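Throughout, read-outs are computed from the coordinates displayed, never taken from laboratory work. Just so it is clear, the structure is predicted and the values come from calculations on it, not from any experiment. A quick note on method: Cβ atoms are made from the backbone with ideal geometry, for glycine too, and the neighbour counts reach across all protein chains shown.
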Amino acid sequence: MATLCRPSVSVPENVITMEETLELARTRHADHPQLPLALRLIENTGVRTRHIVQPIEETLKHPGFEERNKLYEAEAKARVPAVIQRALDDAELLTSDIDVIVYVSCTGFMMPSLTAWLINEMDFASTTRQLPIAQLGCAAGGAAINRAHDFCTAYPEANALIVACEFCSLCYQPTDLGVGSLLSNGLFGDGIAAAVVRGQGGTGVRLQRNGSYLIPKTEDWIAYDVRATGFHFLLDKRVPTTMEPLAPALQDLAGTHGWDASALDFYVIHAGGPRILDDLSKFLKVEPRAFRFSRSTLTEYGNIASAVVLDALRRLFDEGGAENGARGLLAGFGPGITAEMTVGSWVRRD
């Protein structure tokens, strides 16, 4: 069975703290009629620090969508290869061992995808399949795991590489003054993650069953309004309530596998915000500590979109992993509203 190995994660060197974010909001939007509400919402995220690809002075400028997208491409090419190499080393594989690259990102656009550049730059085989996913937002981290799992199920001796590259700070729009936009300015951070799914061997999560679920008629709750100035993030105030309908979908997936989603050994969950984790704890009847890896990602890095799930898993590895055979759940949530879910058990290969 396919095994999701230890992820490699990297965040940029420029740091902005919660205190700095709040002060920026106060000074830049002093006359905003809903400023107190926005400040309270930002504080309630629990995000203490975020990492961004440019110093904050540059981030707050808007040189135009063209320049921002050029920066996205340049930063991705400068930063992604080292993250991939660490993931390959942890999985004890070479680029020549990889059969498919699943690349997920919603904060910049390239055609051909970065996958084509990576194949040439890092000497992957010319026969390596490419699967770029650009429009699943934060759910794409879970989708990448699931598509890699599907591929390795179809080709049991194959290996898949997952890459998530998110520079959310490049989507900052200084003219967007809705409360949802102001909240997003204090929530999202930048990060890159990569992980290998080995068809045979490896230590990590043995992927056993995956699924997707879309909450009907919620496609406009998380969205991009694409304009000449780039991607304008739209966030409906009802998004934090989505765990109530999604918790049963997680239960159903685990139940189909003969497991109880409320009684698993580890949980690796996309932390879009603290309410997501609080509600999931409530509706799954799971102790809040079960989501400590996801909450740590949110606190230290903010919401790094599709990379959150991989970083939370990396933190589980850092804690020493789980016992052999321990059962777990991985899930990412994003536009749609979509959930991408996986159940698997921990396997150690000594």
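A few comments on the model shown:
- In loop segments of the range 148-216 as defined by DSSP, there are no trypsin sites (Lys or Arg not before Pro) with at most 11 further C-beta atoms inside 10 Å of their C-beta.
- When the GluC sites (Glu not before Pro) in the range 310-341 are filtered for DSSP coil states and for at most 15 other beta-carbon atoms within 10 Å of their beta-carbon, the remaining sites are GLU319, GLU323.
- Charge sum, other residues only, whose C-beta stays under 15 Å from ALA74's C-beta, Lys/Arg counted +1 and Asp/Glu -1: -3
- Summary value for the range 3-198: 35 percent relative contact order, contacts being C-alpha pairs under 8 angstrom separated by 6+ residues.
- Taking the Cα centre of the range 3-198 as reference, the dipole from Cβ charges on Lys and Arg (+1) and Asp and Glu (-1) amounts to some 340 debye.
- Backbone phi angles across the range 86-98, fed through the Karplus curve with coefficients 6.51, -1.76 and 1.60 (θ = phi - 60°), yield HN-Hα couplings of 5, 5, 5, 4, 5, 8, 6, 10, 10, 4, 5, 8, 8 Hz in residue order; Gly and Pro are listed as x.
- Label of the coordinate-derived value, Rg and Dmax of the Cα atoms in Å, listed as (i) 21.4, 66; (ii) 19.2, 61; (iii) 20.7, 69: (ii)
- Packing-based order for 140-147, 295-302, using average beta carbon neighbours within 10 Å, highest first: 140-147, 295-302
- Given +1 at the Cβ of Lys and Arg, -1 at the Cβ of Asp and Glu and no other charges, the dipole of the chain around its Cα centre is 540 debye to the nearest 20.
- For the range 204-347, size of Cβ-based charge dipole, Lys and Arg +1, Asp and Glu -1, in debye: 40 debye
- Label reach from GLU121 (point 7 Å along Cα→C-beta): in the range 1-38, amide nitrogens under 15 Å belong to 10.
- Positive-end ranking of ILE42, LEU24, VAL9 along the dipole of the range 1-81, with charges on Cβ about the Cα centre, is headed by VAL9.
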